[in-house]
Amino acid sequence: MYGGSSVSLNLLSITQSLPEEAHLFRAHALNQVILFKYPNFDESQGDGHDFLNCDAGNALSKRPVETGIYIPHDDRQWETGGVAIYLRSRNSTVLLEEHFGPEAVEQESVHNDLSLLSLIDNIPSLDAFLLKTYFEAKKIRLDQRYWQIAAEEEAQLRRLISRRVEPIVRKAVNDGIGSEAIVGRFLDAIWNPDMEEAGHFVSAFGIDHSEADAIFSAWKGITFYEYQLRRIAPRVRTIITWLRSRECVPADLKMHRPYDEHLLMHIDRVGHMLNATLLDIRHILGEYEKSFKALMNGSPSLFREFLRTIHAHYWLLGYCVSALISVVHLDNRCMKNLPSRHVDFETLSRLLRQFDVALDRRREQKSAF
């Protein structure tokens, strides 16, 4: 509910302003929920480098971010509690039918509710730009009000991604001597993986053309997350600096003497989690930049390997950037009326718990649906 647009999509508020024929799902009650993303790295995937070093052949099955459906008991007071359905749980289909009716699980129509939920689960975050471009690549058109992204911002993101990709396309197309029309068609293929140029591009790197859709989707996602990271980086640095400073220690700490050591340890742990997340981001983007420079210098092997494992890089980067966005969003809510950033013991404890949840990589759901 409070993690920001990367991890939460509030259909309750969106649906209120839409006519029924424009609703996302056919099952009426399914449009009265909050979709959310949560990290769930299992022991075999590990963290950071361990996850990136997973067998590339199984990369598509390694998705450390899952999708949940939160159904509040009261659609006007979401915070009072509700139930959750996790899409990859064994009995999710049974629960979907139980809560939303048989229409939610029927699979006869082309764009049924289950297939739409599956598409949403194929993206590591709920950012409007990524969802919109992914749905468009799948030839699924939805009411534009679902995306909540300005046309100008979307156009800017598309230009940014095209500029990032263009040098690589030029290098891959006849080593930079292709005509502008040919280069243009290859750039168009990034947004339309059905074009034959998409298959030709990945084939040039020794990758089966059937993987073009997944590779281009991940490639666009990585470039998008680069952009997001640049936007939030100053705020993340402010939070890390604050956690390391004396200003973070609450003035009323002495009044909570039995818990003061625990709070200081919690501050330290959250700082370490933030640093680990940043380290993974630097590693991924560093590999991307290194392989890009090698390709530009005439050595394509590193970039070929990056494309082979780009799905794993995309999902880990998606988790990391979304986690940082959640932390920034939570910090903004807490510090909105506190420019000095001086908070009391209870406020800091609550904020640290929220940071902990946003950055935690293993979220076991033993008691959940």
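Things to note:
- The residue that is farthest from residue 7 (Cα to Cα), among those in region 229-270 that are assigned to a helix (DSSP H, G or I) and among the polar types (S, T, N, Q), is 241.
- Of all residues making up region 97-119, the number that are more than 23 Å from the chain's Cα centre (by Cα), open to solvent by less than 60 Å² (accessible area, probe 1.4 Å) and charged (D, E, K, R): 1
- Residue 259 under 25 Å from residue 156 (Cβ atoms), of a type in the set (Ser, Thr, Tyr) and open to solvent by 20 Å² or more (accessible area, probe 1.4 Å): no
- Against the conditions (1) open to solvent by 30 Å² or more (accessible area, probe 1.4 Å); (2) not in a loop (DSSP other than H, G, I, E, B), residue 226 satisfies every one except (1).
A quick yes/no check of all residues on (1) modelled with pLDDT of 65 or more; (2) open to solvent by less than 10 Å² (accessible area, probe 1.4 Å); (3) part of a loop (DSSP other than H, G, I, E, B); (4) not polar (S, T, N, Q):
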{"position": "30", "(1), (2), (3), (4)": "yes, yes, no, yes"}
{"position": "41", "(1), (2), (3), (4)": "yes, yes, yes, yes"}
{"position": "47", "(1), (2), (3), (4)": "no, no, yes, yes"}
{"position": "50", "(1), (2), (3), (4)": "no, no, no, yes"}
{"position": "54", "(1), (2), (3), (4)": "no, no, yes, yes"}
{"position": "63", "(1), (2), (3), (4)": "yes, no, yes, yes"}
{"position": "67", "(1), (2), (3), (4)": "yes, yes, no, no"}
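- Restricting 172, 128, 137 to residues that are buried (at least 16 other Cβ atoms within 10 Å of the Cβ), closer than 26 Å to residue 312 by Cβ and over 23 Å from the mean Cα position of the chain (by Cα) narrows the list to 172.
- Being open to solvent by less than 10 Å² (accessible area, probe 1.4 Å) and free of Cβ contacts under 8 Å to residues at least 24 places away in the same chain holds for only one residue in 299, 291, and it is 291.
- Exactly one residue out of 291, 299 is closer than 20 Å to residue 207 by Cβ, in a loop (DSSP other than H, G, I, E, B) and not aromatic (Phe, Trp, Tyr), and it is 299.
- Any chance residue 182 is assigned to a helix (DSSP H, G or I), among the hydrophobic types (A, V, I, L, M, F, W, C) and open to solvent by 30 Å² or more (accessible area, probe 1.4 Å): yes
- Note on region 265-280: residues that are open to solvent by 80 Å² or more (accessible area, probe 1.4 Å) and under 24 Å from residue 340 (Cα atoms) total 4.
- Taken together, the residues in region 1-23 that are among the small types (Gly, Ala, Ser) and under 21 Å from residue 322 (Cα atoms) amount to 5.
The values are calculated or read from the model by the stated rules, or taken from the named source; none is laboratory data. Since the model is a prediction, treat every value here as computed from it, not as a measurement. Positions of Cβ are generated from backbone atoms using ideal geometry, with glycine treated the same way; all protein chains shown enter the neighbour counts. Heavy atoms of the whole protein, side chains included, go into the accessibility calculation; ligands, DNA and RNA do not. Shrake-Rupley method; radii C 1.70, N 1.55, O 1.52, S 1.80 Å.
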